[in-house]
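**Student:** First the structure, then my questions, so here it is.
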Amino acid sequence: MYYDTAKNDHGLPHSPFKAIVSPRPIGWISSRSSSGVVNLAPYSFFNAVNDAPPMVMFSSQGRKDSLKNIEDTGEFVCSLATQKLHQAMNLSSALVKSDVNEFVLSGLEAVDSIQVGPPRVAGTPAALECKLWKILELPSAAVDPDKRAYMVLGHVIGVFVDEQYVKDGMFCTADAGIIARMGYMDYCGVTAETTFTLNRPNVSEDGLTATVVPGPWDGVYR
Ligand SMILES: Cc1cc2nc3c(=O)[nH]c(=O)nc-3n(C[C@H](O)[C@H](O)[C@H](O)COP(=O)(O)O)c2cc1C
């Protein structure tokens, strides 16, 4: 099949787009309003977009509380969602009023961050403390600005890592039990069984061919 996104003529009950661009990491975004109310919500239009400096983005379908708080205060934290925390992560997505603290709603503890105001989720294996870089308004057919989409880009200025998940000097995503979003209401988890390693190709001196050394990582980024 093939469909034109302007017509959405896929003939399926739901758009397959998010199931195709899948799995997506979940940025569990905490922020604070200018009056100090703490907010927490999961965002799967989320990813890392740069390494040096480390930067992340998430996008808000509509002007949601996280976006408004970050516009006002310029700070947010992305905690990682895990198998253990998945029910709380889901509860924290409830469309409750802006003066509701979703840490309390979801039965989660908040842990103070080091360099920014919003706390991280207790029990998260890693969290990124971020300062707002830019907010981009994305193309949208909606006339009402509250219904348009916005991409929030942030500099990661500090990283919390729970050292129990550091093995042989590397953060072990599988041990941390990280979950990700697929399409519809589906999720998946990173496990040791589904994790595999590939060395990057070695290019020949003439630059015309490439070979890959099999086996465990040889420790070289190419
Ligand atoms: C796993 C998951 C991923 C989500 N991803 C997004 C997303 O990328 N963008 C978005 O606007 N809403 C997303 N949502 C819905 C928001 O979490 C929800 O609208 C929430 O109430 C927003 O909270 P806020 O107004 O406190 O920011 C997601 C929900 C779940 C459960």
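**Student:** Within the set of pairs 6+ apart or on separate chains, which have a first residue in region 124-145 that is modelled with pLDDT under 95, a second that is surrounded by 17 or more Cβ atoms within 10 Å (Cβ to Cβ), and C-beta atoms under 7 Å apart?
**Tutor:** From residues that are modelled with pLDDT under 95, the pairs are SER140/ARG148; SER140/ALA149; ALA142/ARG148.
**Student:** So in region 58-74, with the set limited to residues that are in contact with a strand residue (DSSP E or B) (Cβ under 6 Å, 6 or more places away or on another chain) and not polar (S, T, N, Q), which one is farthest from the ligand (Cβ to nearest atom)?
**Tutor:** Selected residue: GLY74.
**Student:** Can you tell me which residue is surrounded by the fewest Cβ atoms within 10 Å (Cβ to Cβ) among those in region 107-130 that are within 15 Å of the chain's Cα centre (by Cα) and outside any loop (DSSP other than H, G, I, E, B)?
**Tutor:** Checking each candidate, the answer is ALA126.
**Student:** Answer yes or no: is there a residue in region 16-37 that is free of Cβ contacts under 8 Å to residues at least 40 places away in the same chain and surrounded by 15 or more Cβ atoms within 10 Å (Cβ to Cβ).
**Tutor:** Checked against the condition, which is being free of Cβ contacts under 8 Å to residues at least 40 places away in the same chain and surrounded by 15 or more Cβ atoms within 10 Å (Cβ to Cβ), region 16-37 yields no hits at all.
**Student:** How about region 166-210: which of its residues are in a strand (DSSP E or B), more than 16 Å from the ligand (Cβ to nearest atom) and either under 20 Å from the mean Cα position of the chain (by Cα) or not charged (D, E, K, R) (or both)? Walk me through how you get there before you give the answer.
**Tutor:** Step one: filter region 166-210 for residues in a strand (DSSP E or B), giving 166-167, 170-171, 178-181, 187-189, 202-203, 210.
Next cut, more than 16 Å from the ligand (Cβ to nearest atom) only: 166-167, 170-171, 202-203, 210.
Once the filter is applied, which keeps residues that are in a strand (DSSP E or B), more than 16 Å from the ligand (Cβ to nearest atom) and either under 20 Å from the mean Cα position of the chain (by Cα) or not charged (D, E, K, R) (or both), region 166-210 yields VAL166, MET170, PHE171, ASN202, VAL203, ALA210.
**Student:** Quick one: which residue in GLY183, GLY177, GLY189 is under 23 Å from THR82 (Cα atoms), surrounded by 10 or more Cβ atoms within 10 Å (Cβ to Cβ) and in contact with a Leu (Cβ under 9 Å, 6 or more places away or on another chain)? First the steps, then the outcome.
**Tutor:** Details: GLY183 fails: in contact with a Leu (Cβ under 9 Å, 6 or more places away or on another chain); GLY189 fails: in contact with a Leu (Cβ under 9 Å, 6 or more places away or on another chain).
One residue alone meets the criteria, GLY177.
**Student:** I would also like to ask the following. For region 24-46, name all the residues that are β-branched (Val, Ile, Thr) and either more than 9 Å from the ligand (Cβ to nearest atom) or under 17 Å from ARG63 (Cβ atoms) (or both). Step through it out loud before you land on a result.
**Tutor:** Let us first name the residues in region 24-46 that are β-branched (Val, Ile, Thr), namely 26, 29, 37-38.
The answer is ILE29, VAL37, VAL38.
The values are calculated or read from the model by the stated rules, or taken from the named source; none is laboratory data. All values reported here derive from a predicted model rather than from experimental measurement. Backbone-built Cβ (ideal geometry, glycine too); neighbour counts: all protein chains shown.
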